1. Inside the stretch 390-476, counting only helices (runs of 4 or more DSSP H) that do not spill past its ends, which hold 3 or more residues that are more than 20 Å from the chain's Cα centre (by Cα) and touching a residue at least 40 places away in the same chain (Cβ under 8 Å)?
2. Take the conditions surrounded by fewer than 15 Cβ atoms within 10 Å (Cβ to Cβ) and assigned to a loop (DSSP other than H, G, I, E, B) and apply them to residue 377. Does it pass?
3. List, please: which pairs have Cβ atoms under 8 Å, are six or more places apart or on different chains, and start with a residue in the stretch 202-214 that is more than 19 Å from residue 166 (Cβ to Cβ) and end with one that is within 12 Å of the ligand (Cβ to nearest atom) and outside any loop (DSSP other than H, G, I, E, B)?
4. With the requirement that a residue be more than 11 Å from the ligand (Cβ to nearest atom) and in contact (Cβ under 8 Å) with a residue 60 or more places away in the chain, what does the stretch 109-119 give you?
5. Condition check: more than 15 Å from the ligand (Cβ to nearest atom), in a loop (DSSP other than H, G, I, E, B) and either modelled with pLDDT of 95 or more or closer than 22 Å to residue 229 by Cβ (or both). Does residue 126 satisfy that?
6. Residues in the stretch 193-213: is at least one surrounded by 15 or more Cβ atoms within 10 Å (Cβ to Cβ), within 16 Å of the ligand (Cβ to nearest atom) and farther than 30 Å from residue 457 by Cβ?
7. For the stretch 308-317, does any single residue satisfy the condition of being surrounded by fewer than 20 Cβ atoms within 10 Å (Cβ to Cβ), part of a helix (DSSP H, G or I) and in contact (Cβ under 8 Å) with a residue 12 or more places away in the chain?
8. Just checking: which of the strands (runs of 3 or more DSSP E) contained wholly in the stretch 1-80 hold 3 or more residues that are modelled with pLDDT of 95 or more, under 25 Å from the mean Cα position of the chain (by Cα) and closer than 30 Å to residue 211 by Cα?
Ligand code: GLU
């Protein structure tokens, strides 16, 4: 009897202890969940949901899938957090800001200008870029010099964009007659495409987008700037606890300090300025008239070497503008402009034979690629190889030494690119082994190839068939600007 009472007491104690434990555990879990920060929630889920938009500066199709400056920056940020990015595409800019402010997405990365009005809805990160807003006009029409020269309804602008905010401000300040047409759910790229087609004459586009787009929309040219450079930043919900935002700020500050940010900027925007209107027009004419004869050969060379055919074609364009009978005063010849020695090395017996030249050139690229240490990652390895191929590997090595002396990383093309031109200056070339070199040339060479490559990637992946066809259509008479 006594024993049973003891047992009962024991059982009651066990029961009470279990209940207490469960209660504490439940409270702890509730507390934990309730108190987990925005940043912790993203990390627990393993996914960062980012609202973005399609634009050449933000998110577009690249050679290996989605690419763009914002995409690269977000991928780096997500990696830093240990999560995967997931991009979503709200239909309008207003939806994009709405999804951000309501917390439907974790953040927005869309080349957004951090404007005063938007700050009422969202919180902005540290700015990672500055752009000017440019009024773009159609070449061959009268170029306006200021807003005063724009007639009613002539300006076409994306609704709720920073551009519209600027125009609203200018209108209420001292231009009550200023009017424009606004487009909901249509991006600047579509407006540029319509301008190129001749459907509209004037629009407003961020400077970095103008720079990239004018290689494809060849009638687009800047008329004037609307104002001073504006900060571009990521947007976050205002009502959040700020932990994700401050992680972003830490990341961006760090990226700036280490030069990662500047390298990404140089990678995405650094070479596009080199193509002027004539280069662009000629390039597309040659895509139409010359490339069809050789594309299958570039593809064949790609099969043999594993190098993207569009890259081989870009090199071929830089070398000879796709002319099989090209010859230079220094005796290099053919589509890939091979020297006699190089040709011999890769088994080319007739340098003017396009098939031999293209396959030989591709094979030679593999051969010289071995001169660049294999630890160097792509795309740096490739750009350094091309630079070395152009200027000579001894000079390239000298530029890499100068880069290192300067505290830069000699394994990054964008760093070496800055030092190559120093080889024209005595105070530098006299300190290295191979002396003077025309160091600007490999920089132009690689920049040009990257431009052609970008454009061929765009050409082979775009869904904007109308623009592509327009680029290839027979030239219309080029009217001088009125
Ligand atoms: N920076 C512009 C903005 O924030 C980009 C908008 C656009 O080009 O559509 O509104």
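The values are calculated or read from the model by the stated rules, or taken from the named source; none is laboratory data. Computed from a prediction, not measured in an experiment: that's the story for all the values here. Ideal geometry is used to build each Cβ from the backbone, glycine not excepted, and the neighbour counts take in all protein chains shown.
1. The helices (runs of 4 or more DSSP H) meeting that bar are 393-405, 465-472.
2. Details: surrounded by fewer than 15 Cβ atoms within 10 Å (Cβ to Cβ): yes; assigned to a loop (DSSP other than H, G, I, E, B): yes.
Criteria met by residue 377.
3. Partner pairs satisfying both residue conditions: 213/189; 213/192; 213/205.
4. 109 - this is the single residue of the stretch 109-119 that is more than 11 Å from the ligand (Cβ to nearest atom) and in contact (Cβ under 8 Å) with a residue 60 or more places away in the chain.
5. Numbers: more than 15 Å from the ligand (Cβ to nearest atom): yes; in a loop (DSSP other than H, G, I, E, B): yes; either modelled with pLDDT of 95 or more or closer than 22 Å to residue 229 by Cβ (or both): yes.
Against the criterion (more than 15 Å from the ligand (Cβ to nearest atom), in a loop (DSSP other than H, G, I, E, B) and either modelled with pLDDT of 95 or more or closer than 22 Å to residue 229 by Cβ (or both)), residue 126 qualifies.
6. Checked against the condition, which is being surrounded by 15 or more Cβ atoms within 10 Å (Cβ to Cβ), within 16 Å of the ligand (Cβ to nearest atom) and farther than 30 Å from residue 457 by Cβ, the stretch 193-213 yields no hits at all.
7. No, there is no match, as no residue in the stretch 308-317 is surrounded by fewer than 20 Cβ atoms within 10 Å (Cβ to Cβ), part of a helix (DSSP H, G or I) and in contact (Cβ under 8 Å) with a residue 12 or more places away in the chain.
8. Working: elements: 47-51, 60-62, 65-67.
Filter on the stretch 1-80 gives 47-51.
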